[in-house]
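**Student:** Dumping the structure here so I can ask a few things about it.
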Amino acid sequence: MTLMRFSGIVLAASATALALAGCNVDAIDASNTSLSFERNRAPMTIFVWNSNPDMSELTITLRPSNPWIQVAPTEVKSAAPQGLVRDEQEVVVQVDRSLLTSVGTHEGHIRLSAPGAKPKNIKVSVYNESVVPSGGLTIVNPTVTYSVPYLIEFAFGLRDKDDRAVVGEPNQFAVSAQEDTTQIEAFHGLAMRRGTARQLWLEMVLDYSIAMQQVDGGIAEMEYAATKILLDSLNADALVAVSEFHRDDQESALVTPFNVDKEATAAAIREIQSRYVRGFASGARMYDALLAAIQRFGQVSADTEDARYIVLFSNGSDTSSTAFASQVVAEALARRVRIFAVGFGETIESGTLMSLASLTGGRYLSAEKLEDLQPAFARIVEDLEGQYVVRWASLRRDSNTVLPGITVAFGSSNASHTAAAAFRATNYTGDPLAGRLTLVQSDTAEQTTVFLRANYMPRGIRAIRCWVRSDYPFTASLVDAADDGLLGAWDMVAAEEADGYWLLMESVAQDEFAPFAAFGPMVRFSFSQSVEEPFTEFFIDNTLYTEGQTLNLEN
């Protein structure tokens, strides 16, 4: 026994000496040996861990070979494995295409290293399309809306010749507009904004029927793509609901109503199998589930300018619905809901899903294999990010009719669209100095969130002062410009008075104003508990304005 102990000590000391001499041991392992982003713009997740039971803890450093490869975190600590249990550490990898200077495939790697361990490389590749669309620009699903006061608005998607969404910041595009032959200028409030600046309502309709349960790993991959790719890509004020269907003898279940709490929504998705399915699945009632989801959009009193989407995940098989596809399409068109359908599995009824998507202005994507699922969800994210709004306020006040039109240019490509219906200013008479604001509330079981949004901003607004009183503690913050916040570059000061607060939002520069005729989220109010009536008083102080402007809460 003594000899064995002595040998062990000698061996351990020898191993240490070898490590110090540079003879590193195998100790680093990872879930992937390569990452192929291709055209995928969504981040990818990998796991790294300590695979050597003789190394109690490993500090693993992740170093990209190129600046366009972005890794977070860049260092993780992983304990030694205990039998089959590994201390896996999650790492998110994404590509910054703005740092790619040429078209084509770019390759690099992430080097994983740790003291005393052999390094490991993970290959990373991405295909970069040109900085301008690949040979063409197309406006898809255009919707033209006229509203008070004298507002003209074009909402649309942009795609290239390969039918890929064209995603860019609005300031990367050149926009022109006209009313008949009259050119629209910047002082009309002409501006292009991302579609995500609209209040977005999105319901995920997830298929847990027996056919989907039989796809090995399919449900787990669906839940990952829904929570990590789709959900994480949405703006902070996006209202998301989730429903599921899994039995022919039961209606679909609303898992979580429209809310902005991404963590709570993701947690609810991960609990569907245990809370709703509970090991018992049968036939699919896909049409019934879609119809129920579409009808929920009417219950939330969404503004007519809001964006409404359903993302359906299914193999397209419907065995037991009482509703028909034609009813689903008719209801979606009536409520302006677009259906994005992801067909998954070896036997996909693609014709059904394609019809639902194309007839409602959405898109159908096929994922026959498990590895196709995340790219399919990433394409949906691209499509949502490739939506835009061009708006201006007409200066016409007569009863003549004109046909508005727009042209959008990106690099050397451009696309145009002219409204089918004429605009008559006298049909949309209103006070151009009267701003329109609204409060949008979102509730979960644990918390309430309220956004103050602008639906129309008059000229000459460089400060907004509002009085807020609540029976519950809350925090208020400006919505960041990255989330399309209208006042993202402003400052906000809160002053407590009596049993309420005066909130003053003010432009940093004296000569900078809120963009005229603009829309978007401005302030987020967060309550640490769920409350039915967040505010007992809420009003805007219009005494700040000397030229007749007012800001009015519509709800």
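**Student:** Among the residues of the stretch 412-466, write down those that are closer than 24 Å to Val260 by Cα, hydrophobic (A, V, I, L, M, F, W, C) and not in a loop (DSSP other than H, G, I, E, B).
**Tutor:** Matches in the stretch 412-466: Leu437, Leu439, Val440, Val450, Phe451, Leu452, Ala454, Cys466.
**Student:** For the stretch 326-358, give me each residue that is surrounded by fewer than 18 Cβ atoms within 10 Å (Cβ to Cβ) and assigned to a helix (DSSP H, G or I).
**Tutor:** Across the stretch 326-358, the qualifying residues are Ser326, Gln327, Ala330, Leu333, Ala334, Ser350, Gly351, Ser358.
**Student:** If you scan the stretch 12-28, which residues turn out to be modelled with pLDDT of 80 or more, in contact with an Asp or Glu (Cβ under 9 Å, 6 or more places away or on another chain) and not in a loop (DSSP other than H, G, I, E, B)?
**Tutor:** Within the stretch 12-28, just Val25 meets the criteria.
**Student:** A follow-up question, please. What are the residue pairs meeting all of these: first residue in the stretch 482-497, first residue without any contact (Cβ under 8 Å) to a residue 12 or more places away in the chain, second residue surrounded by 12 or more Cβ atoms within 10 Å (Cβ to Cβ) and part of a helix (DSSP H, G or I), Cβ atoms under 6 Å, and 6 or more apart or on different chains?
**Tutor:** Close Cβ pairs (under 6 Å, with a partner that is surrounded by 12 or more Cβ atoms within 10 Å (Cβ to Cβ) and part of a helix (DSSP H, G or I)) amount to Gly488/Ala481.
**Student:** Can you tell me which residues in the stretch 150-172 are over 20 Å from the mean Cα position of the chain (by Cα) and hydrophobic (A, V, I, L, M, F, W, C)?
**Tutor:** Scanning the stretch 150-172 gives Leu151, Ile152, Phe154.
**Student:** Within the stretch 488-520, restricting attention to residues that are aromatic (Phe, Trp, Tyr) and in a loop (DSSP other than H, G, I, E, B), which residue is farthest from Leu544 (Cα to Cα)?
**Tutor:** Among those residues, the one meeting the criterion is Phe519.
**Student:** Another one. Being part of a strand (DSSP E or B), in contact with a Lys or Arg (Cβ under 9 Å, 6 or more places away or on another chain) and among the hydrophobic types (A, V, I, L, M, F, W, C) is the filter here, so list the residues in the stretch 174-207 that pass it.
**Tutor:** Hits for the stretch 174-207 are Ala191, Met192, Leu200, Trp201, Leu202.
**Student:** Which one is nearest to Gly195 (Cα to Cα) among residues in the stretch 488-529 that are in contact with a Pro (Cβ under 9 Å, 6 or more places away or on another chain) and buried (at least 17 other Cβ atoms within 10 Å of the Cβ)?
**Tutor:** Among residues in the stretch 488-529 that are in contact with a Pro (Cβ under 9 Å, 6 or more places away or on another chain) and buried (at least 17 other Cβ atoms within 10 Å of the Cβ), the one nearest to Gly195 (Cα to Cα) is Ala517.
**Student:** Same structure, new question: Looking only at the stretch 137-173, count every residue that is closer than 30 Å to Ala376 by Cα, of a type in the set (A, V, I, L, M, F, W, C), assigned to a strand (DSSP E or B) and at pLDDT 90 or above and tell me the total.
**Tutor:** Of the residues in the stretch 137-173, 6 are closer than 30 Å to Ala376 by Cα, of a type in the set (A, V, I, L, M, F, W, C), assigned to a strand (DSSP E or B) and at pLDDT 90 or above.
Every residue, every condition in (1) touching a Pro at 6+ places or on another chain (Cβ under 9 Å); (2) surrounded by 15 or more Cβ atoms within 10 Å (Cβ to Cβ); (3) of a type outside the set (Lys, Arg); (4) farther than 25 Å from Ala155 by Cβ, yes or no:
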position: Ala409; (1), (2), (3), (4): no, yes, yes, no
position: Phe423; (1), (2), (3), (4): yes, yes, yes, no
position: Ala445; (1), (2), (3), (4): no, no, yes, yes
position: Thr475; (1), (2), (3), (4): no, no, yes, yes
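**Student:** Looking at the stretch 377-411, which of its residues are of a type in the set (Phe, Trp, Tyr) and assigned to a strand (DSSP E or B)?
**Tutor:** The answer is Tyr388, Trp392, Phe410.
**Student:** Further question: Which numbered condition trips up His106, out of (1) within 27 Å of Leu231 (Cβ to Cβ); (2) within 29 Å of the chain's Cα centre (by Cα); (3) buried (at least 18 other Cβ atoms within 10 Å of the Cβ)?
**Tutor:** (1)
**Student:** Considering every residue within the stretch 361-369, establish whether at least one is buried (at least 19 other Cβ atoms within 10 Å of the Cβ) and more than 19 Å from Asn141 (Cα to Cα).
**Tutor:** Yes, the stretch 361-369 has at least one match.
**Student:** Output the number of residues of the stretch 53-68 satisfying the condition of being more than 24 Å from Ser233 (Cβ to Cβ) and either surrounded by 19 or more Cβ atoms within 10 Å (Cβ to Cβ) or out of contact with any strand residue (DSSP E or B) (no Cβ under 9 Å at 6 or more places or on another chain) (or both).
**Tutor:** 3
**Student:** Cβ-Cβ distance below 8 Å, separation of 6 or more or different chains: which pairs start in the stretch 97-126 with a residue that is farther than 30 Å from Ser56 by Cα and end on one that is modelled with pLDDT of 90 or more and basic (Lys, Arg)?
**Tutor:** Filtered contacts from the stretch 97-126: Glu107/Lys123; Gly108/Lys123.
**Student:** Something else now. Could you identify the single residue in Glu251, Glu203 that is among the acidic types (Asp, Glu) and closer than 26 Å to Pro43 by Cβ?
**Tutor:** Step by step, each of Glu251, Glu203 is checked, and only Glu203 is among the acidic types (Asp, Glu) and closer than 26 Å to Pro43 by Cβ.
**Student:** Now for a separate question. Looking at the stretch 495-532 only, could you name the residues that are within 30 Å of the chain's Cα centre (by Cα) and of a type in the set (A, V, I, L, M)?
**Tutor:** Passing the criteria: Leu503, Leu504, Met505, Val508, Ala514, Ala517, Ala518, Met522, Val523, Val531.
**Student:** Suppose the filter is in a strand (DSSP E or B) and surrounded by 23 or more Cβ atoms within 10 Å (Cβ to Cβ); does Val240 pass it?
**Tutor:** For Val240, the condition - in a strand (DSSP E or B) and surrounded by 23 or more Cβ atoms within 10 Å (Cβ to Cβ) - is met.
**Student:** Need pairs with beta-carbon distance below 7 Å; first residue without any contact (Cβ under 8 Å) to a residue 60 or more places away in the chain and in the same structural domain as Ala117 (by TED's automatic domain parsing) and within the stretch 77-88, second aliphatic (A, V, I, L, M) and part of a loop (DSSP other than H, G, I, E, B); sequence gap 6+ or separate chains.
**Tutor:** From residues that are without any contact (Cβ under 8 Å) to a residue 60 or more places away in the chain and in the same structural domain as Ala117 (by TED's automatic domain parsing), the pairs are Ala80/Met55.
**Student:** Confirm whether Leu290 is in contact (Cβ under 8 Å) with a residue 60 or more places away in the chain and out of contact with any Phe, Trp or Tyr (no Cβ under 8 Å at 6 or more places or on another chain).
**Tutor:** In short, yes.
The values are calculated or read from the model by the stated rules, or taken from the named source; none is laboratory data. Fair warning: this is a prediction, and the values are worked out from it, not measured in the lab. When we count neighbours, we look across all protein chains shown, and the Cβ atoms used for this are built from the backbone with ideal geometry, even at glycine.
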